[in-house]
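The values are calculated or read from the model by the stated rules, or taken from the named source; none is laboratory data. Treat the numbers as computed from the prediction; the structure is a model and nothing was measured. Methodologically, a virtual Cβ is constructed for each residue, glycine included, from the backbone with ideal geometry; neighbour enumeration extends over all protein chains shown. Surface areas here come from the heavy atoms of the whole protein model, side chains and all, with no ligands, DNA or RNA. Shrake-Rupley method; radii C 1.70, N 1.55, O 1.52, S 1.80 Å.
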Amino acid sequence: MNSLTLRRESVAETTPDIPVRADHAASGDAPPARAGLADRFQLAHAHAERVRRRRRLLLNLAGIALFLLGWEAIPHVFSWMNPALFPPPSRVLQAALPLIESGELAGHITASLTRAAAGFSIALILGITAGILTARIAFLHHLSEPVLHGFRSVPSLAVVPLAVLWFGIGELPKIALIAWGAFFPIWITTFIGVRDTNIVYLRSAAALGAGRLRTLFLVILPAALPFILAGVRQAIAVSLIVLVAAELSGSTRGIAYMMSLGHQLFQVEIMFIGLVLLGTFGFLADRLFVWAARRLFPWYQSAS
């Protein structure tokens, strides 16, 4: 027996046996300590996220409360402020209660939201389609560039008289005006996002044998998603802005029509009801968009 054999036997005698669980050895799973650490980290992250959301909600509610308190105090603090021209929230609420009980306010809200949703949906489809086509087809881009950019500079309010002359005072001109105003933010952001897709992504997809359609849906559109969503978010606000101009051009129902009627009858509270509703629906639509974007596209993280 040589010295090497004796050294091996001595090492084997002095080295204690290390117990190994059979289930971990067979399955190759992580040790319990490591798995427990990962679980604790996930629980801590979830708890921190819930705390952050609650804090944000409380701050939002506090901001609304401070705004309403300041609004209520202004006519009482400043004696030169006429409450008839700048009514506090209490008077606005008193004026809104009869409209709510009679169902008139619900009818105005339904009419306005239906128009805004219809016009925005048309703009969403046309804007994304036009943005993709003009970004991917150079001939179409150069052909439509002066026309689209020229019309993009025309304010939506300038088209209101023509829309009334062409389509009358029915629902069609209002929906067309909203679609016109919301189309351009979606088109230009989609165009920029698709056009500026990293060339490395495109070459990698081509090297892997991806065709045009697979490259478009699996590479280009996901890469352009932040730009597209930014344009869609802006178009939501534009839809409500153009909605007011469209309903003021000739309508018998709607939030802006209600505000115009309040102006004619010198009921300032009615006008403030319309302003509060427009601001509320704008905020709710933006929050709904952020929630839907996070659910549909988990990899996309919005700034707010």
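Here are some notes:
- Scanning region 218-252 for residues that are surrounded by fewer than 16 Cβ atoms within 10 Å (Cβ to Cβ) and in a loop (DSSP other than H, G, I, E, B) yields Gly250, Thr252.
- Qualifying residue in region 201-211 (condition: closer than 18 Å to Leu124 by Cα and hydrophobic (A, V, I, L, M, F, W, C)): no
- Only one of the numbered conditions (1) closer than 13 Å to Trp180 by Cα; (2) surrounded by 15 or more Cβ atoms within 10 Å (Cβ to Cβ) is not met by Gly131, and that is (1).
- Scan of region 289-304 for residues that are over 10 Å from the mean Cα position of the chain (by Cα) and at pLDDT 80 or above, ordered by number: Arg295, Leu296, Phe297
- Flag if Val159 is within 20 Å of Ser121 (Cβ to Cβ) and either in the same structural domain as Thr197 (by the TED database) or of a type in the set (Ser, Thr, Tyr) (or both): yes
- Residues (among the aromatic types (Phe, Trp, Tyr) and more than 17 Å from the chain's Cα centre (by Cα)) located in region 148-190: Phe151, Trp166, Phe167, Trp180
- Residue match in region 87-95 (condition: assigned by the TED database to the domain that holds Ala179, under 25 Å from Ser239 (Cα atoms) and open to solvent by less than 50 Å² (accessible area, probe 1.4 Å)): no
- Here Arg214 clears all of (1) free of Cβ contacts under 8 Å to residues at least 12 places away in the same chain; (2) more than 15 Å from the chain's Cα centre (by Cα); (3) over 23 Å from Arg136 (Cβ atoms); (4) assigned to a helix (DSSP H, G or I) except the condition numbered (3).
- A residue that is among the hydrophobic types (A, V, I, L, M, F, W, C), outside any loop (DSSP other than H, G, I, E, B) and over 30 Å from Leu218 (Cβ atoms) occurs nowhere in region 188-199.
- Filter result for the condition that a residue is part of a helix (DSSP H, G or I), out of contact with any Phe, Trp or Tyr (no Cβ under 9 Å at 6 or more places or on another chain) and either open to solvent by less than 40 Å² (accessible area, probe 1.4 Å) or not polar (S, T, N, Q) (or both), over Gly107, Gly119: Gly107
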